[in-house]
Structure formats: C-alpha cells, structure tokens
Amino acid sequence: MFPSEKPSYIFKYFAVPGIGEATRLLLTAAKVNWVEENPEWPQEKPNQPFGRLPVLIEKGTGDGPDFVICESAAIERYVARKYGLMPSEPKEASRQEQLREQIFDIVNISYAAAKGAEGFKARFDELLAKLKEVLAMELKNNGSNGHFTGDKLTYIDIIIYSFFKFFIFNLKAYAPEYVDVVVGLATPDVVKLILAVKADPCLQSRVANDDQYFPFLA
Amino acid sequence: MTASAPPTYILHYFNVVGIIEPIRLLMLAAKADWTEVHPEWPQEKYSQPFGRMPVLIEKSTDGSPDFMLTESRTIERYLARKYGFIPTDLKHAARQEQLRDLQADVGILSNEVRLGAGDEAKERLNYLIGRLIEFHTEVLRENGDNGYFYGDKLSYIDMSLYGFFKLIFAHPPTSIPNYVADIKSRITPEIAKVIANVESHPLLREHIDSRPEFYPLFG
C-alpha cells in the first residue's frame, strides 16, 4: 500500500468564525484535504492537550503518528510556513507575525474593555487607533495593491481578512458600541485587501457567502 | 562579496525582570552585540516606533533603515530563528512555539489575577499551571529527560520556560496565598533539570547572578 503523499488535517474548533477562521482559510489556501470537527463542549475539554480549542491534527502519512498542535498562532504559522504562505525572508515574516500579535492584543483586550474596565477601555481605543495607522501605512508602502507583502496572497492578508470577519461579528454580540470604530478601520486600502482575499480563486469554497460579515462592503 | 558585519541590537524596555527575560537570554546565548535602553515612561511613549515596548532595533550596516520589531514573542522567534535556537524542522518548531504561547497565556492570566481578577480566573490559572507543568514534563520525557527540550543543548524553550517562571515569581498575585511556594512544590524533576541547565550555562551565568534574589529559581 502506498502511503498518502500529502497529509490531511482535522481542525477542531467551535462552529463560529472566531479565532479559528484564519486557520480555515490557510488550510483552504494550502489546498490540502481537511475537515472540521466541533467537539462537544465542555465535555471534550479534558481530551484536548491544553484543555482548549482550536486544535489541529495532521494525520500521519504511512505509519507515522498524528501530529497534534494547539495555540491558534502556532497552528497558523505552521500551516502558513509549510504551504508557502509565509514570506521566506525572515524580517518580512517577522513583520507579518508582529501585526498578527498586535491584532490579537486588540481582540484580547476587547473583553475587559467591553465590561467597562476603565484602564482597558482607554488602551483598547489607543490600540485600535494605532492599528488603523499601521494598516494604512503598510498597505500604502506596498503600493495599495490589495496585499500586505508583494503582489500575492500571504499569511497576513488572511489574518487581516479573518480579523474583520470574526471581530465585527463577535462585537455585535458583546460590545455593539464598538462595531462602528472597528468598521472605521476599513480604509479604502483595507477594503481593497479584503476584496482581493474574497476574490482569490483558491478561497472560494470558504468565502463565497462572506459579504454578510463586512458591513463596509454593502 | 564581503561578509557583512554582525548586527548590533538595541532593546527598549523597562528595567524589570518582565516579559523580556527570554529575549535577554536569547541575546546572551547568541553572543549578540546588544544594549538595553530604558526609556522614560510614559514620557517617551510617543517617540517609540509603535508607542509600546519592548522594541528591538537591529541597526542597519548598509545605510538602509534600521529594522524595528515589537511584540515580545515575535522578537523572540526572530532572534531564535536567526541564531539557530529554534529547530528548523517545522513540526519541532511548532511544538516549541505552542509551548511558548501556553507559557505566555498563563503569564498573562497570572498578571490579570495579580491585577484583581476573581475566583473564576484563579481557578483557570491553577488549572493551566497544572497543564503547563504536565505538558512540558511530557515533552522533556520524550526527549530523554536530559534537561533539554530539544536535542542535547539549550534551545528557545529552555530559555523561555526559565523566563516564564522568573516572571511569575517576580510579580506574583498577592491574592493567592503561597502562590510561589505552591508552584515550586509542583515542579517536576524533569523541569528542574532544565532550569538548572539554564542557570549554570556559561553565557547566562552573569545575567543570572545579577538578580541574586531569583537564584536559584526553585530554591
């Protein structure tokens, strides 16, 4: 029996966009076989390596054991690097990773900010303003061509796209007063990037119905 | 073509143990040419390239702009990759990064409890500390329980685990009685070996000695 040449994947997460959306898009862009499982929660919690989701399982080819990885950023970087979606130049890769962390600092602080914790609200506002500035500058420096690096889809394009997709969706539920300011981050260059991701031929199976997540595309 | 001179670095942060301990250790283990600068804060906040710290500046040697990086774990990975402290194999690298993210999550939660987060956060913290210890111990056993996470020498995660414990010991939540003593009692021999290796590493000794109140970490 010949071992399968390309690994296949099981992605475990909740059935929502969420922080797992970027990995779904990366797996789709990588053109690998993958399926999603939505574990019963919290029943399945003790069965996960760190008691949390997402978890990615790479099914072993041949007799090899499965490779299990958790922590959303580590999963994303693994898939992006393995399938050529991360820039190979180390400084450029680091710049993309840096922006991912800056974006997630905002997501993580939004929960405390939404509860009205004073220091957190000010910080949240500050980080949002900074992100708007950084996105505008970086996209302009790359030629306002709908991509963060070069002229094709890379890791951070997918991160930026999925950030707007899941964060606005989530904010509508727990902090609707912040939706407008996040929508305001979508300057023309950002919109161009989102449209470029949405139009990417290798992502169509996932993004075809995504208009509903982007109020600024209406 | 002439080889370019090795880079020099400037690291901006507060003069504390803090989250940049792994960055300091990576620079020392890499024998990098670096200095640490402690800007007046918050006065110098808006002159920082990103309005936040830490910032790593890699001085340019060819007239191009300096390379500047923020976000502590991005800085760590950049240096660890550059100086060979992360395995080049993608799976092994991902395993290390995953452990690092877990350490950082627990560190952030510990800080939230320190800042007043309530019982639910304390329970989660206690649970995650347990999982962290278990998981790291498992990986160490898989590597032969030799006091290293990968191969037989110092790598990124050895240094970051040391940095993680030092950080939470330096800034413990006072609302959890005996927090530090309790964690020390839960440390496995496998983990203790790693910490001992970091503490006795010739390139790291001087830095370890500069904070005698944290040596030995599990003393």
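Does A:ILE159 qualify as being hydrophobic (A, V, I, L, M, F, W, C) and under 17 Å from A:VAL179 (Cβ atoms)?
Values: hydrophobic (A, V, I, L, M, F, W, C): yes; under 17 Å from A:VAL179 (Cβ atoms): no.
For A:ILE159, the condition - hydrophobic (A, V, I, L, M, F, W, C) and under 17 Å from A:VAL179 (Cβ atoms) - is not met.
Flag: A:LYS115 does not match the condition of being of a type in the set (Lys, Arg), surrounded by fewer than 21 Cβ atoms within 10 Å (Cβ to Cβ) and within 27 Å of A:LYS6 (Cβ to Cβ). Considering the conditions (1) assigned to a loop (DSSP other than H, G, I, E, B); (2) surrounded by 16 or more Cβ atoms within 10 Å (Cβ to Cβ), A:VAL197 is excluded by exactly one of them, (1).
State the number of residues belonging to the stretch B:78-93 that are out of contact with any Lys or Arg (no Cβ under 6 Å at 6 or more places or on another chain) and facing another protein chain (nearest Cβ under 7 Å). Please lay out each step first, then the result.
Taking the stretch B:78-93 first, the residues out of contact with any Lys or Arg (no Cβ under 6 Å at 6 or more places or on another chain) are B:78-89, B:91-93.
Pick out the ones that are also facing another protein chain (nearest Cβ under 7 Å) and you get B:78, B:81-82, B:91.
Of the residues in the stretch B:78-93, 4 are out of contact with any Lys or Arg (no Cβ under 6 Å at 6 or more places or on another chain) and facing another protein chain (nearest Cβ under 7 Å).
The residue that is modelled with the lowest pLDDT, among those in the stretch B:18-74 that are touching a Pro at 6+ places or on another chain (Cβ under 9 Å), of a type in the set (Ser, Thr, Tyr) and surrounded by fewer than 17 Cβ atoms within 10 Å (Cβ to Cβ), is B:SER47.
Look at A:PRO65 and say whether it is assigned to a helix (DSSP H, G or I) and out of contact with any helix residue (DSSP H, G or I) (no Cβ under 9 Å at 6 or more places or on another chain). No: the conditions fail for A:PRO65. Checked against the criterion of being among the polar types (S, T, N, Q), under 17 Å from the mean Cα position of the chain (by Cα) and more than 14 Å from chain A (Cβ to nearest Cβ), the candidates B:ASN197, B:ASN146 yield just one match: B:ASN197.
For A:GLU58, the test of being touching a residue at least 12 places away in the same chain (Cβ under 8 Å), assigned to a strand (DSSP E or B) and among the charged types (D, E, K, R) is passed. Of the residues that sit in the stretch A:61-96 and are of a type in the set (Asp, Glu) and free of Cβ contacts under 8 Å to residues at least 24 places away in the same chain, which one is nearest to the other protein chains (Cβ to nearest Cβ)? Ranking the qualifying residues of the stretch A:61-96, first place goes to A:GLU71.
Note on the stretch B:162-216: residues that are of a type in the set (Ser, Thr, Tyr), free of Cβ contacts under 8 Å to residues at least 60 places away in the same chain and surrounded by fewer than 20 Cβ atoms within 10 Å (Cβ to Cβ) amount to 5.
Residues of the stretch B:54-71 that are more than 9 Å from every other protein chain (Cβ to nearest Cβ) and within 21 Å of the chain's Cα centre (by Cα): B:PRO54, B:VAL55, B:LEU56, B:ILE57, B:MET68.
The strands (runs of 3 or more DSSP E) found wholly in the stretch B:7-87 and carrying at least 1 residues that are acidic (Asp, Glu) occupy B:33-37, B:55-58. The set of residues from the stretch B:94-120 being among the small types (Gly, Ala, Ser), out of contact with any Lys or Arg (no Cβ under 8 Å at 6 or more places or on another chain) and within 11 Å of chain A (Cβ to nearest Cβ) comprises B:GLY116, B:ALA117. Beta carbons closer than 6 Å, at least 6 apart along the sequence or on distinct chains, never pair a first residue in the stretch A:193-212 that is within 19 Å of A:ALA30 (Cβ to Cβ) and in the same structural domain as A:ILE160 (by TED's automatic domain parsing) with a second that is modelled with pLDDT under 95 and among the charged types (D, E, K, R). Hey, could you check the stretch A:46-55 for residues that are at pLDDT 95 or above and assigned to a loop (DSSP other than H, G, I, E, B) and say which is nearest to the other protein chains (Cβ to nearest Cβ)? Out of the qualifying residues, it is A:PRO54.
Let's see how each residue does on (1) of a type in the set (Gly, Ala, Ser); (2) in a loop (DSSP other than H, G, I, E, B); (3) under 28 Å from B:LEU99 (Cβ atoms):
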position	(1), (2), (3)
A:ALA112	yes, no, yes
A:ASP125	no, no, no
A:LYS130	no, no, no
A:LYS140	no, no, no
A:LEU153	no, yes, no
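Residues in the stretch A:22-45 that are away from chain B (no Cβ under 11 Å) and exposed (fewer than 15 other Cβ atoms within 10 Å of the Cβ): A:LYS31, A:ASN33, A:VAL35, A:GLU37, A:ASN38, A:GLU40, A:TRP41, A:PRO42, A:GLN43.
The values are calculated or read from the model by the stated rules, or taken from the named source; none is laboratory data. Predicted model, so just to flag it, every value in this text is computed and none were measured. With ideal geometry, Cβ positions are generated from the backbone for all residues, glycine too; neighbour counts draw on all protein chains shown.
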